[in-house]
Structures are given as C-alpha cells and as structure tokens.
Amino acid sequence: MAVLYLNENANANDDENANANDDDDENANANDNGNSRKSLSEVLTDAAPRGGYKTSKASRESATANENDDEVPIQGIKRLSLTLHASTQTDNRTAEKVAWLRSLGFTRVVLARELSLEEIRHIHERVPDVELEVFVHGALCVSYSGLCYASERCFGRSANRGACAQFCRMKFDLIDADGREIEHQRHLLSLKDLCQIDRLEELAAAGACSFKIEGRLKDVGYVKNVVSAYSQRLDEVIRRNPDKYVRASKGRVEYYFEPNLKKTFNRGQTHYFLDGRRQDIASFDTPKAIGEYVGRVKEIRGRSFTVAGTAAFANGDGLCFINSRRELEGFRVNRAEAGRLFPLNMPQELKKGMPLYRNNDVAFEKILSGKTAERYIPVTLTLTAIDGGFSLRADGDGFSTTATIRCPHQLAERPQHENIIRQLTRLGNTIYRCEKVNIEGGADSYFIPSSQLAELRRKTTAKNDDEGTMNDNDYVNFAPPGGLQGAHANDDDNSTLYTLHSTLKLPLRGIRGLYAYSSLYNISNSLSETFYAARGVKRVSDDGAPLMQCRHCLRYALGYCVKHGGRRPTWREPLRLRLGDGREFRLQFDCKECQMNVYGVTD
C-alpha cells in the first residue's frame, strides 16, 4: 500500500527536483485566482527523484504504487476534492491522448504549445468534457514539452528536473554529411516568444477555457504588464459575448497604466503554429530580448546620434541593434537631450540607417514599479429593519450573504440616511467595493449608532470571506466513462481519488505508436514506471532515443522543404548541429509527422 502524505504547508524549497519545465507550477495564469496548489498527479508520479527514493528497500516498496494497492491515505483532508490537471509535459498533442487522460480522471489538460487552432478545435470536439488549457504568451521550448533530454545529456542538468541549461538558446554550426558548413555559429534552435493576445476569441471558440502565460524567472514588472494586457483583452471578449463567456474568477480590476507587451522582455513575437506551419518563428541572431522597434539611426555626429521616428527617450534607456556579425549589441543612453542621444559608450558598429530597438524603457519600468492595478469585488448592500434589530445583506457576482445585529428600534430625531450610507460603504480595508446601498423596512427611520453599523458591516464582510466569495469549493469531481469501479464506487464525495484506484487496470490507449523508447513517455522514476507497466508499457533501453522532438524544422526554416514549396537542398544529409566545443547532434527530418528529431552523436 502506498502511503502518501500531502502536507498543506509543505515548503517548496524542500523539493530539490522542482520541475523547471512543469508549466503548471510557476507560470502566471491570466484567469487564475491566485491560489497555489500542488496537484495530486505531481505527488503520485513526478515528485519522486529519478530512479526512485534513496531509502531502504522496504520503504521503497511501500512508496511505490502497484496493482494491489487499494487505498491512498491522505493527511490534508480538505484536499480530497482536488481535481487533476495534466501538465503540458505529458505531451498532449492528440485527441486520443486527451481522451486517455480523461479516462484516468483528469479534468483539465494543458495542450502542447505547437498545436494549431484546428488541432485544438478537433481535440475539443472529440473530448468536449475535458477542459483545455493553452499557452498564449511567453518563451517557447523548441522541443515538445516533456520530451527534451538535451540539457541532461550534454550538461547533466535535466530540463524535466528543474535545471535546464538552455541548450536550445546556444550557438550552433549546421553541417552536412560531408562536413560542409551551411550555417556558422547561429542560434538555430532559439524560438521567438509566443504572443496570442489578438487570437483569444478564436482560441475560446475552438474550445480553450483557460489561457496560460509562461512567466518563469520573470520579474514583477513583466507579470504586471503581461497579465494586465491579457486580462483586459479577455474583458473585451466577454463584453462582446456575454451569453457565451464569463470570467472564471470573481471581481473586477481597475488599472492605473496602459499595458504594452513590446516594452517588457520578449525575443520577438510569433503566433507559432496557430495557423499551421509558418516562416519566421525563430530568432537565429540572438536568444536575448530585443524589445520594441523605435526607429532607424538618422544621423551620427561624434559621440551622439539621432533616431528617425516618434519615440521619446529617457536617460538610462537600454537600446540595441544587430551588428555586422549578426549579433545583438546593446548600449545604455547616458543622456537624451532635444532628440539627440548620447550613449555611455558609443558603439563602434552603429551605422546610419540601422534599425534600433529598446529593450529597457526606463519611464515604463518606473510606472510598473508603482501601483498599477487594484482588484475589487463589487457588492450591493441592503439594510433592513427586522424584529429586535437589523440585517445587512451583501449581494455580488454569484453570492449573497446576510448578517444581523441586535439593536433596539429607537426612532431617530434627525435623518439617518446619509450616515447609514457613509458607515456601510467604508470598505477600504477589504476587497469589496460598494456600488449601491438599499434601505428597506424603514430602517433609516431609526437611530442606529455608528458603532453598530460598523459592526454589522464587519460581520457581513467576514461572512463574505468565509461563505461567499473567498471560499474553496470551486472544484469539480470527475469520473471516467462508465462511472467509478471497485469497492469505493458509491463514495461520490471522493470520486477524484477513487478514479485513480479504479483505472489501474485500464489498457494504454491514446499513446502514439511511434513511442519506441521509454523516455518518450517521460518515464523517469519508479512510480511512473510502475504506472505505465500496469498498462502494458515495457521498459526498454533508451539508447538511440531522440534527445528532442521538434515541430520547428530547420530544413523548412532555411527554405529547403520541398513538401512546402521550398527549393531542393544542395547538401547531403544527415545534417548535424555542432556546438562550439565540438559536440555534434544528428538531425532527422520526419516528413510524415512533419517534425524534426535531434539525436546525440558525440559527447
């Protein structure tokens, strides 16, 4: 029997193997309610170190689930109703895979970033009762998530274990089978950043219900700017479609600045494969942030220059350009004076007519460092005279709570209406904002001490927190097709946990037949190995397995994909990527699957 303790106050720093590419953990969600939770699926599969736990044989056997397990003891009782979300690292690119995850009790699946709009729509139509979450913004991994082993192979740092060495952002030579160099020291695997802000309505119509922003290692300013931009765009979508969409969270947000996605970290922006295969998804010249285009160099005079365009500059701005070696070169503006810029150190390669970019906007960063937004929940308050006292009801979006106080009905000698409104609307230290006050039952004809009104207001807002807007009961339990099986089939309150038990003997369906290696199932510890073994997956050697599977294709990117109308290659394959230290990686172009596989050649 597996004994798993889910400690509600567990310290995240205790897990040295936190998954750097598990995007369900640290990425900002545009419609998230801010609650941080660890999914049960993480504990059951991904939490174990590679190769299992370093404990005694008896404890390892106890900690490893097997087909004879009949229960999962839980310490954190309130977590029994947690739903299961499948990370993008489970490689969710087909309807069959999503349907299989559904059969295991998963209610939401984070789809592969590489999917097109039509592929997302197809998955939703085939499996309509599974929530689909899609990435809409941020950095792109060149490999399908969960299937990248290049960093571990080359540097002993696993991208699946929280220590990615950014292999895909490095410089490579591209050489053919005869050793002829096709490209020299370019960032051939480095992709631009994803930006789907103008496609949210189409994604929602295709079946996406949650939009994910990649925000790993980004600063507070980045989060403020990007989340605000997407949140405002979602508001626009909802306003246009009030009968189709509602926000997943309660409340409204008041913004104190104008978001601009070009002003925070980005490597250039792309829709990636949303409209199918397209050119210009990669950034071969640099993996660094380029920023917003601000114009071309107009005139250079001594140690200063001017820029053609309308952009305003400030002291301390960071500017950059692509130099003659096709490398990003940056510099700081020491002084901006009457349209003329004086760099701290004048770049020698800066030439008239060069495009110029700003990757650090001092004025915008100053705005982001202050208060940029405030979230509040609008309420309507209704004060009513009742027997022996007064009641106050708070009505908001999907909730209504009422509190009462005992207070004698003493007729007032002067009007009470204004004081009642003034006292009840003092919600400054809460998340609530009163939009309207109703007074019923002649309540304003009685004298109510301000202290009593304040007490009634506090009691009502406390009940809102406990019972109305801030409670934790928005989880949906889910059963696989045919209902729950086994001894606990009637225990509806715990359906999510028992779904795990009931599906232990389900056959493996929805896994692509090309998965000839264990690594392509992302089997990396004893728990997941046991899980897949129970479904007929045999552990095989990973010798010769690809280090990456990519929809990004260098043959296509360089214009040599005959299948898509490109010119016929002049080189002899197989092609290889070569790092600066001489290590090489063979490329296989799988035209049937329309993907590029990367294999190790030399260490």
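The values are calculated or read from the model by the stated rules, or taken from the named source; none is laboratory data. Note that the coordinates shown come from a computational prediction; the quantities given were computed from them, not determined experimentally. Backbone-built Cβ (ideal geometry, glycine too); neighbour counts: all protein chains shown.
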Filter pass, Gly559 being over 21 Å from Tyr272 (Cβ atoms), assigned to a loop (DSSP other than H, G, I, E, B) and outside the structural domain of Gly156 (by TED's automatic domain parsing): no
If I filter segment 214-247 down to residues being of a type in the set (D, E, K, R) and either part of a loop (DSSP other than H, G, I, E, B) or touching a residue at least 60 places away in the same chain (Cβ under 8 Å) (or both), which single residue comes out as surrounded by the fewest Cβ atoms within 10 Å (Cβ to Cβ)? Asp243
Looking only at segment 329-385, how many residues end up being closer than 30 Å to Arg422 by Cβ and of a type outside the set (A, V, I, L, M)? 10
Of all residues in segment 274-293, count the ones that are under 20 Å from Tyr230 (Cβ atoms) and not acidic (Asp, Glu). 3
Just to be sure, is Glu349 in a strand (DSSP E or B) and not aromatic (Phe, Trp, Tyr)? no
Taking segment 83-124, which residues are within 28 Å of Lys192 (Cα to Cα), out of contact with any Gly (no Cβ under 8 Å at 6 or more places or on another chain) and not in a helix (DSSP H, G or I)? His85, Ala86, Asn92, Arg93, Arg108, Val109, Val110, Leu111, Ala112, Arg113, Glu114, Leu115
Take Asn345 and decide whether it is within 39 Å of the chain's Cα centre (by Cα) and without any contact (Cβ under 8 Å) to a residue 12 or more places away in the chain. no
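Residues are listed down the side, and each one gets a yes or a no for (1) crowded, with 22+ Cβ neighbours inside 10 Å; (2) farther than 18 Å from Leu189 by Cα:
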| residue | (1), (2) |
| --- | --- |
| Trp100 | yes, yes |
| Arg113 | yes, no |
| Arg126 | no, yes |
| Glu131 | no, yes |
| Ser143 | yes, no |
| Tyr149 | yes, no |
| Cys154 | no, no |
| Arg169 | no, no |
Answer yes or no as to whether Glu131 is out of contact with any Asp or Glu (no Cβ under 8 Å at 6 or more places or on another chain), among the charged types (D, E, K, R) and closer than 30 Å to Glu201 by Cβ. yes
Selection from segment 315-346 of residues that are within 22 Å of Thr264 (Cβ to Cβ) and assigned to a loop (DSSP other than H, G, I, E, B): Asn315, Gly316, Asp317
Which of the residues that make up segment 506-533 are surrounded by 18 or more Cβ atoms within 10 Å (Cβ to Cβ), at pLDDT 60 or above and of a type outside the set (Val, Ile, Thr)? Leu520, Tyr521, Asn522, Ser524, Asn525, Ser526, Leu527, Ser528, Glu529, Phe531, Tyr532
